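Below is one structure, written out as structure tokens; the observations come after it.
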Amino acid sequence: MSFSLNSSKIDFLKIKIDEAFQDQKPGTSGLRKSTKQFLSNNYLQSFVEAIFKTLPGVNGGILILGGDGRFGNKKAIEVIIAMAVAHGISRIITTVDGILSTPAASNLIRKHKAIGGIILSASHNPGGQDGDFGVKVNGPNGGPASESLTNEIYSYTKHIDSYQTINLDALDISIPSEILIGKTVVEVVDGIEDYVALMQEIFDFEKISCFIKNNFPIAFDALNAVTGPYAKKILEDLLGASAGTVRNGIPLEDFGGCHPDPNLTYAKDLADLLLKSDKYSFGAACDGDGDRNMILGNQCFVNPSDSLAVLTANANCVPAYAKGLFGVARSMPTSSAVDVVAKELGINCYETPTGWKFFGNLLDSEKITLCGEESFGTGSNHVREKDGLWAVLFWLQILAEKQCSVSDLMKEHWSKYGRHYYSRHDYEEVDLEIANNLYTNLEARLPSLINQNFAGIKVCIADNFKYQDPIDHSLTDAQGLRIILEDGSRVVLRLSGTGTKGATLRVYLENYVSPDGDLAQDPQRALSALITAIDQLAEITKRTGMDKPTVIT
Ligand code: G16
């Protein structure tokens, strides 16, 4: 279906923004605030204006637009289409009902050589009228806006006083179509097909299908968020997993009231199915916008840092990576499990700050093929975002190739490379001032820790992590407090850049045991000396009044 609106009837408007000083500072991944804030005072329009004034190539360019389906998604798409027309975008590619996962958006940007994309999502944060909303901006390589573009957008928001738009009636984006608005074409595409085709290029679907049909029951929890339709198509329709494999598979505006964060706390129903019953051999969940993943086996939780190491060690099982890897990268707080594998493979392993944008240059310049983060993110050079369903298929391909269970694969891995016991403790909704004081107080004490004992072991490095990009040489500092011990154990402390209520304090703990050590301990027990030592040093319990973390991973 295609129709055009007469351009002579379009009213180009310049709307005043009530609050001249908006000051919209993006966090680790775009601008993320409460839905209510986004609905007020042209807050969305103000940020979008800053994007259109800053992103190179807007006039005459192609823009990809979609989101995770949370409350506000459809309305925001209409607002952005009207503004994009006013700014001279030549083609806007959006999807049926505006449903588009973050990795699928990255793929569309690359495929259509777009100037970039706007993804409407607050990722793993809850949605709905009382939840959160967010705007992620991606550049022409398909990845999150670089630090420099993010800073330019932020600077623009500080002095913005109006935005450009047109009068636009409600648009029907419920079926694939082309709509002409003035000189701009709005193309509504299916949104699922292109992503599925990309997965079929990377993996051997036939092999995975035979494996799962041969008594390997799997459960996938989409948490009522964006991956439902993608997972149904891939797992049930194409790979032949039984009907009902995909749970909570219809994207809902409020995610059915659940918190679409795939971890042991917020994906507890799935975790219980895998860890407390023998019904399933494999389980996985993805987050709100489909870029995060959690992998479970029967009686086995795979730590995300270990997941990256296992994918790296077994990349030769996947057709697209069978010829070898350029290199790998991990964010600083991610455990060094992958470093050990990279060393064995003779490839480089890069350590970057938290945030997928820091992998962009390394991927573009073919320094790395795979990368990952402790925050349930893994990805490769197939797109420029982390990719939840890709990680699920990667795991299934390895298991199909090796004909083994998840826990057998983990045991085999640790007995070869040793085990990096790892845990992240999150303290959520901490009072901002308390969290900032705790952080600055610890930072001030770091220099005095060097050569002292911490948890009974000598401290070698105690600093605030800084990074120089090996490609463009840009510097990024203040990326997290590190205490690194003589035996390689570490504690890292950061304040989250994605929370919206108070501060979220993250404490990352790591302890290495070589292949001949005890590889079957409970991680919390293996890390207990570090847990006690950091609590005493940083006075976490004392200052926050919380005697335990909100989430333990
Ligand atoms: C975002 C980034 C990730 C990053 C995470 C960190 O994830 O895309 O690269 O690891 O934030 O979050 P925090 O600052 O809270 O630790 P997402 O999935 O929210 O886009």
Seminar exercise, completed: The one condition Asp278 fails out of (1) charged (D, E, K, R); (2) touching a strand residue (DSSP E or B) at 6+ places or on another chain (Cβ under 7 Å); (3) without any contact (Cβ under 8 Å) to a residue 24 or more places away in the chain is (2)
Seminar exercise, completed: Given the conditions (1) within 16 Å of the ligand (Cβ to nearest atom); (2) at pLDDT below 95, every one holds for Thr157 apart from (1)
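Name the residue, out of Ala170, Ala145, that is surrounded by 15 or more Cβ atoms within 10 Å (Cβ to Cβ) and in the same structural domain as Leu55 (by TED's automatic domain parsing).
On the way: Ala170 fails: surrounded by 15 or more Cβ atoms within 10 Å (Cβ to Cβ).
Only one candidate qualifies: Ala145.
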Seminar exercise, completed: (1) part of a helix (DSSP H, G or I); (2) open to solvent by less than 10 Å² (accessible area, probe 1.4 Å); (3) under 14 Å from Asp469 (Cβ atoms) all hold for Ile368 apart from (1)
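Residue under question is Ala243, and the condition is that it be within 22 Å of Ser209 (Cβ to Cβ) and in the same structural domain as Glu373 (by TED's automatic domain parsing); does it hold? It would help to see each step written out before you state the result.
Details: within 22 Å of Ser209 (Cβ to Cβ): yes; in the same structural domain as Glu373 (by TED's automatic domain parsing): yes.
Criteria met by Ala243.
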Seminar exercise, completed: All conditions in (1) over 28 Å from the mean Cα position of the chain (by Cα); (2) of a type in the set (Phe, Trp, Tyr); (3) within 16 Å of the ligand (Cβ to nearest atom) are true of Phe454 except (3)
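Would you point out which residue out of Ile51, Ile62 is in contact with a His (Cβ under 7 Å, 6 or more places away or on another chain) and more than 16 Å from the ligand (Cβ to nearest atom)?
Every option except Ile62 fails the conditions.
Look through Asp221, Asp161 and report the one residue that is in the same structural domain as Leu311 (by TED's automatic domain parsing) and touching a residue at least 40 places away in the same chain (Cβ under 8 Å). Let's see the steps before the verdict.
Numbers: Asp161 fails: in the same structural domain as Leu311 (by TED's automatic domain parsing).
Step by step, each of Asp221, Asp161 is checked, and only Asp221 is in the same structural domain as Leu311 (by TED's automatic domain parsing) and touching a residue at least 40 places away in the same chain (Cβ under 8 Å).
Among the residues of segment 357-414, write down those that are among the polar types (S, T, N, Q) and either farther than 23 Å from Asn214 by Cβ or out of contact with any helix residue (DSSP H, G or I) (no Cβ under 8 Å at 6 or more places or on another chain) (or both). I'd like the intermediate steps shown before the answer.
The initial filter retains those residues of segment 357-414 that are among the polar types (S, T, N, Q), namely 361, 365, 369, 375, 378, 380-381, 397, 403, 405, 407.
Of everything in segment 357-414, those that are among the polar types (S, T, N, Q) and either farther than 23 Å from Asn214 by Cβ or out of contact with any helix residue (DSSP H, G or I) (no Cβ under 8 Å at 6 or more places or on another chain) (or both) turn out to be Asn361, Ser365, Thr369, Ser375, Thr378, Ser380, Asn381, Ser407.
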Exercise. If Ser528 satisfies every condition in (1) more than 15 Å from the ligand (Cβ to nearest atom); (2) touching a strand residue (DSSP E or B) at 6+ places or on another chain (Cβ under 9 Å); (3) closer than 27 Å to Glu412 by Cα but one, which is the exception?
Worked result: (2)
Problem set entry | Answer from Gly355, Gly379, Gly360 - the residue that is out of contact with any Ser or Thr (no Cβ under 8 Å at 6 or more places or on another chain) and within 12 Å of the ligand (Cβ to nearest atom) | Gly379
Exercise. Pick from segment 104-149 the residues that are among the small types (Gly, Ala, Ser), under 24 Å from Cys258 (Cα atoms) and in a loop (DSSP other than H, G, I, E, B): which of them is nearest to the ligand (Cβ to nearest atom)?
Worked result: Ser123
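Here's the yes/no breakdown for (1) outside the structural domain of Arg424 (by TED's automatic domain parsing); (2) within 14 Å of the ligand (Cβ to nearest atom); (3) surrounded by fewer than 17 Cβ atoms within 10 Å (Cβ to Cβ):
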| residue | (1), (2), (3) |
| --- | --- |
| Ser489 | no, no, no |
| Leu493 | no, yes, no |
| Ala503 | no, yes, no |
| Tyr508 | no, yes, no |
| Asp516 | no, no, yes |
Exercise. Can you tell me which of Phe47, Phe71 is touching a residue at least 60 places away in the same chain (Cβ under 8 Å), under 24 Å from the mean Cα position of the chain (by Cα), open to solvent by 10 Å² or more (accessible area, probe 1.4 Å) and outside the structural domain of Leu252 (by TED's automatic domain parsing)?
Worked result: Phe71
For this session: Provide a single number: the residues in segment 252-275 that are in contact with a Lys or Arg (Cβ under 8 Å, 6 or more places away or on another chain), crowded, with 19+ Cβ neighbours inside 10 Å and in contact (Cβ under 8 Å) with a residue 60 or more places away in the chain.
Result: 3
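Test Ile347 against the stated conditions and say whether it is closer than 27 Å to Lys411 by Cβ, away from the ligand (no atom under 11 Å from the Cβ) and either touching a strand residue (DSSP E or B) at 6+ places or on another chain (Cβ under 7 Å) or open to solvent by less than 30 Å² (accessible area, probe 1.4 Å) (or both).
On the way: closer than 27 Å to Lys411 by Cβ: yes; away from the ligand (no atom under 11 Å from the Cβ): yes; either touching a strand residue (DSSP E or B) at 6+ places or on another chain (Cβ under 7 Å) or open to solvent by less than 30 Å² (accessible area, probe 1.4 Å) (or both): yes.
Yes: the conditions hold for Ile347.
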For this session: Exactly one condition in (1) surrounded by fewer than 18 Cβ atoms within 10 Å (Cβ to Cβ); (2) out of contact with any strand residue (DSSP E or B) (no Cβ under 9 Å at 6 or more places or on another chain) is not met by Lys25; state its number.
Result: (2)
For this session: Go through segment 225-241 residue by residue and tally those that are surrounded by fewer than 24 Cβ atoms within 10 Å (Cβ to Cβ), in contact (Cβ under 8 Å) with a residue 12 or more places away in the chain and of a type outside the set (A, V, I, L, M, F, W, C).
Result: 4
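The values are calculated or read from the model by the stated rules, or taken from the named source; none is laboratory data. Everything quoted here is computed from the prediction, not taken from an experiment. Positions of Cβ are generated from backbone atoms using ideal geometry, with glycine treated the same way; all protein chains shown enter the neighbour counts. Accessible surface is based on the protein model in full, side chains and every heavy atom, while ligands, DNA and RNA are left aside. Shrake-Rupley method; radii C 1.70, N 1.55, O 1.52, S 1.80 Å.
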